[in-house]
Amino acid sequence: MDTKVGSVDVVASPNADVGCLPSHGVVSSVQTSTVPISFSEATLGRHLARRLVQIGVSDVFSVPGDFNLTLLDHLIAEPGLNLVGCCNELNAGYAADGYARSRGVGACVVTFTVGGLSVINAIAGAYSENLPVICIVGGPNSNDYGTNRILHHTIGLPDFSQEHRCFQTITCFQAVVNDLEYAHELIDTAVSTALKESKPVYISISCNLPAIPHPTFTHDPVPFSLSPKLSNQMGLQAAIEAAADFLNKSVKPVMVAGPKLRVAKASNAFVELADSCGYPVAVMPSAKGMIPEHHPHFIGTYWGAVSTAFCAEIVESSDAYLFAGPIFNDYSSVGYSLLLKKEKAIILQPDRVIIGNGPTFGCVLMKDFLLGLSKRLKKNTTAYENYHRIYVPEGHPLKSAPKEALRVNVLFQHIQNMLSGDTAVIAETGDSWFNCQKLKLPKGCGYEFQMQYGSIGWSVGATLGYAQAATDKRVIACIGDGSFQVTAQDISTMIRCGQNTIIFLINNGGYTIEVEIHDGPYNVIKNWNYTAFVDAIHNGEGKCWTSKVLCEEELVVAIEKATGEKKDCLCFIEVVVHKDDTSKELLEWGSRVSAANSRPPNPQ
């Protein structure tokens, strides 16, 4: 669904969008205020803290280091800001990613180079998912720049730019603040650019600057006034005319939602178009949760050969399909095996419309286009009627024998029954991708996973961040044992923050998704006593409850306890299943991705 950034003023406009690049390419931000601050409190650290609160960040995920300690003092001193200490920088970055998915923007603070290069993988993932994450690094003393000194936490060279250069390709703006004279401008430009571009930014702040008063910080930061990006009206009307002509001539058109609906803030416009035209509505796998699944014409996930039953047949047999914000990579295309034809497709990107093999229209915002098109399309329910005729309700897993070893399909049948508008699902990279795709999301139920970047271990930190932001929902995380071993430590932070997430740890003894792509001994991992591990982290402090289940009867008891007596606790349920118990979709997907990966070199 559409995510909003809090406390940001936007220039009035018919299509004002926080986070969009202004038409003139710059941020309008007033730099004066009527609320003075005593000079002793007019510090860089206080300004940054207030700015974060102002844009909607109330929790910052951090790992302390000697270069950021003074800055952390100032963040802690801000009443509206809560500092969440994480076990490592990677998880702090993942937590900021998860937080941004719920709150619209996230932030993390780490130390110079050893912290920065550790968090960088998480920031790259946020970049791939179009998430505005503000990555703040405590940098060297300002006096050390331009000298020949060698500092600790570096690779032993007097050049301090290594970290900065590493962040250049995975952030949309980089600010190195080593002079108070320019600090206000650099910080505000970085933060506003993150909101405009919906991408991460990097801010390095010299360790000796956060506590020093400066005249530029003597007033509270004025709320950003971000000029919205506007559609070219002539291009918009031409695109709507061409698309309406294309679709109104078709016999059985369909609509498919893609992941860029989020950055385009066009989910509601997409639904409005679906309501008016009567086409069947599908989602690409990475767009699950962005369109309400209770919509009367929703037909499931379009994922080629591993689509929801009957969905691919309707989409691929259509004579016209509108894809809104798609990403066609090797994973989402099931090894480039989608049966789609370009001449039948209208492809919408956040600011561009491409119609078949014909015209392309730039500077056309997706939301404007969808809303305009909804007024021009004729009602056509042919494709949905075809779907309704061929649809056969899904079967149910075979009933388990008493004390029979638990099967994955039985597990997810019970998870399905746990979902409501007060829950959110976090799916880890692996077979949980496929099993969670089959869950039917009730109205208001959240759903997140990281498909484009696909970094195993992402879900532990992301669950921490999402739960910290979405305090109105109980998070249900589905995590494989291999992924969990990468980032397990921050279960500790979840307990310390008093979160009541339910984690299903699926213990099948290895990297199952890798097994189905290319098997080998490297896909087998050392088995842990996962419940004992979490109990050791709990150590009697905070609210945490664990259970290990091997059969359906034990699962039922565990879920009843997690949703009843232990509803205020972090609940960790280790589910032991057979190593070869996978979804049928993973088996099909793995073989096709394997074939794509193993293509021989083209002839020279």
Which length gain, in nm to one decimal place, applies between Lys342 and Ser225 when the Cα-Cα distance is subtracted from 0.36 nm times their residue separation? 38.1 nm
What whole number of Å gives the distance from the Cα centroid of region 370-392 to the Cα centroid of region 527-604? 38
Tell me what the chain gives for mean residue ellipticity at 222 nm when only DSSP H runs of n ≥ 4 count, each as -39,500 (n - 2.57), the sum divided by the residue total, rounded to 500 deg cm²/dmol. -10500 deg cm²/dmol
Given that just one value was derived from the coordinates, which of [x] 29.9; [y] 38.0; [z] 36.4 is mean projected area of the Cα convex hull in nm²? [x]
Compute the distance in nm between two label points, each set 7 Å from the Cα along the Cα-to-Cβ direction, one at Glu313 and one at Thr360. 3.6
Can you figure out the FRET efficiency of Leu157 with Arg389, using R₀ = 60 Å and their beta-carbon distance, to the nearest 0.05? 0.30
Let me know the volume per residue of the alpha-carbon convex hull for region 306-426, in Å³. 188
Whole-Hz Karplus ³J(HN,Hα) for region 280-290, in order, using 6.51 cos²θ - 1.76 cosθ + 1.60 and θ = phi - 60°, x for Gly and Pro? x, 10, 10, 10, 6, x, 7, 9, 4, x, 8
Peptides 409-420, 589-600 ordered by average Cβ neighbours within 10 Å, highest first: 409-420, 589-600
With every protein chain kept in place and a 1.4 Å probe, the residues Arg50, Arg352 fall, from largest accessible area down, as Arg352, Arg50
Amide hydrogen neighbours beyond the local backbone of Ser204, cut-off 5 Å, H modeled: Val137, Ala175, Val176, Val177
Computed FRET efficiency, Cβ-Cβ of Ala595 and Tyr522, R0 25 Å: what is it to the nearest 0.05? 0.75
Quick one, could you list the DSSP H helices from the chain stretching 24 Å or more along their long axis (Cα atoms) with average Kyte-Doolittle hydropathy of -1.0 or above? 180-197
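The values are calculated or read from the model by the stated rules, or taken from the named source; none is laboratory data. Just so it is clear, the structure is predicted and the values come from calculations on it, not from any experiment. When we count neighbours, we look across all protein chains shown, and the Cβ atoms used for this are built from the backbone with ideal geometry, even at glycine. These accessible areas exclude ligands, DNA and RNA; they are computed on the full protein's heavy atoms, side chains included. Shrake-Rupley method; radii C 1.70, N 1.55, O 1.52, S 1.80 Å.
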